[in-house]
Structure formats: C-alpha cells, structure tokens
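The values are calculated or read from the model by the stated rules, or taken from the named source; none is laboratory data. From a predicted model like this one, the values you see are computed outputs, not experimental measurements. Positions of Cβ are backbone-derived with ideal geometry, glycine not excepted, and every protein chain shown enters the neighbour counts.
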C-alpha cells in the first residue's frame, strides 16, 4: 500500500498548527463525524468554541498515530543496507517510541533497544529506529510489537541474530483500571544467535545495563 501523503504533512505540523485554519475546513469527513458523535455521547457540546475543531484535530492525530499501517519495514531496511565485513554486535539503545493499546486505544510509550549480529551487511542506524516506528504506529500490544521488530530485522537484514527489548509505561494501567502510575512493562524477543547462545544474549543484556 502506498504511503499516505498526509502522513508527512501531519508530522510537520506543530501542536497548535491547525488552530488558525478556517472553521469550514474538512480533513476526513467520516472520521470527524465519528469523533463528533463520541463527544455528544459523553455529554459534550461539539459546537462550543473549545471543541468546534476537535473532530478535525483528532482525525489528523489518529492518521499520524496509526501511520505505520501505510509503511513497510522491508522497504525501509532494504533501501539502506550496506555490505560490510562486520562480525561484532551492533546495538541501538534508547529508541523512543509511542504506540496505542489496541484494547483501550490509550497510549503506551517507552524505549526500545535493538541489537543484531551482522551477516555481511549492516543497515543505516536511523533505519533501526524507523522500523520500530513502523510497528509502533499501529494499534498494538507490546508483546506483538517487540516480536514484529525482531522478525523484520531478522528477515530483511538476514542477520545471524537479532535481539529486541522494550520497556514501556501503559496509560491504560496508569489512568484507569488498577491506576498504577509507576508500573513499567518489559518485553523481549530473541532470534538466531541471541536465542541459541546464552553468552551472546548475556553480552547484549550487559550493554543495556551500562
């Protein structure tokens, strides 16, 4: 599926960038109608000043937050692969990510740590972070997200092994339900050498603790 041209536009907008747009602007009529209906359902007046543009803003935000459906990890990786005789582990730590829980459509966010053992090829470092975003910008569960990043790196980079660890805070636990504001969730996915060799796995985990 071709990338949505609106994604780049949304990414460049400031938090208040659309505050001065004409009141009659329509971004996505069907999505805006749904948001308007939800506002009415909770007892709000979507025509009052503070909410008049909310349906449009929410539609734009949702397109950006779910833009991963329009992106391809394979395309991102294969456009930035270079032949290099590197045998040592490559790790990109502390990649910020933001995603949305598919159960409540509330945000979860944190850091991803991605390592791989090259097999004659390396990938541009920024592309590792972009692969995380491809899968994070969808409705997700953290466990699946972690595995999707690992599988994509393993398959499209043809690495000897891939390791992914993600640490996140889930607002569906913090704002509702058990309301545990300080809880974090850690998930991991190991492929190839990282799964088969405890020493390689321990080396990777050791780097994360430094």
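For segment 181-197, what are the residues that are part of a helix (DSSP H, G or I) and either buried (at least 18 other Cβ atoms within 10 Å of the Cβ) or out of contact with any strand residue (DSSP E or B) (no Cβ under 9 Å at 6 or more places or on another chain) (or both)? Those that are part of a helix (DSSP H, G or I) and either buried (at least 18 other Cβ atoms within 10 Å of the Cβ) or out of contact with any strand residue (DSSP E or B) (no Cβ under 9 Å at 6 or more places or on another chain) (or both): 193, 194. Each residue in segment 156-167 was checked for being over 13 Å from residue 92 (Cβ atoms), surrounded by fewer than 23 Cβ atoms within 10 Å (Cβ to Cβ) and in contact (Cβ under 8 Å) with a residue 40 or more places away in the chain, and 3 of them qualify. Could we say that residue 178 is assigned to a strand (DSSP E or B), loosely packed, with under 14 Cβ neighbours inside 10 Å, without any contact (Cβ under 8 Å) to a residue 24 or more places away in the chain and in the same structural domain as residue 99 (by TED's automatic domain parsing) here? Criteria not met by residue 178. When the strands (runs of 3 or more DSSP E) confined to segment 55-152 are screened for residues that are in contact with a helix residue (DSSP H, G or I) (Cβ under 7 Å, 6 or more places away or on another chain) and not assigned by TED's automatic domain parsing to the domain that holds residue 24, those reaching at least 2 such residues are found at 90-101, 107-117, 121-123. Of all residue pairs spaced 6 or more apart or on separate chains, those with beta-carbon atoms under 7 Å, a first member in segment 21-36 that is more than 14 Å from residue 51 (Cα to Cα) and a second member that is modelled with pLDDT of 95 or more and surrounded by 10 or more Cβ atoms within 10 Å (Cβ to Cβ) are 25/56; 26/32; 27/56; 27/59; 27/60; 28/59; 31/59; 31/62. In segment 67-90, of all residues being buried (at least 18 other Cβ atoms within 10 Å of the Cβ) and touching a strand residue (DSSP E or B) at 6+ places or on another chain (Cβ under 8 Å), the one that is nearest to residue 129 (Cα to Cα) corresponds to 77.
Inspect all residues belonging to segment 187-195 and state whether any of them is within 24 Å of residue 65 (Cβ to Cβ) and in contact (Cβ under 8 Å) with a residue 24 or more places away in the chain. It would help to see each step written out before you state the result.
Of all residues in segment 187-195, those within 24 Å of residue 65 (Cβ to Cβ) come to 187, 189.
Right, trim to in contact (Cβ under 8 Å) with a residue 24 or more places away in the chain and you get 187, 189.
Yes, segment 187-195 contains at least one residue that is within 24 Å of residue 65 (Cβ to Cβ) and in contact (Cβ under 8 Å) with a residue 24 or more places away in the chain.
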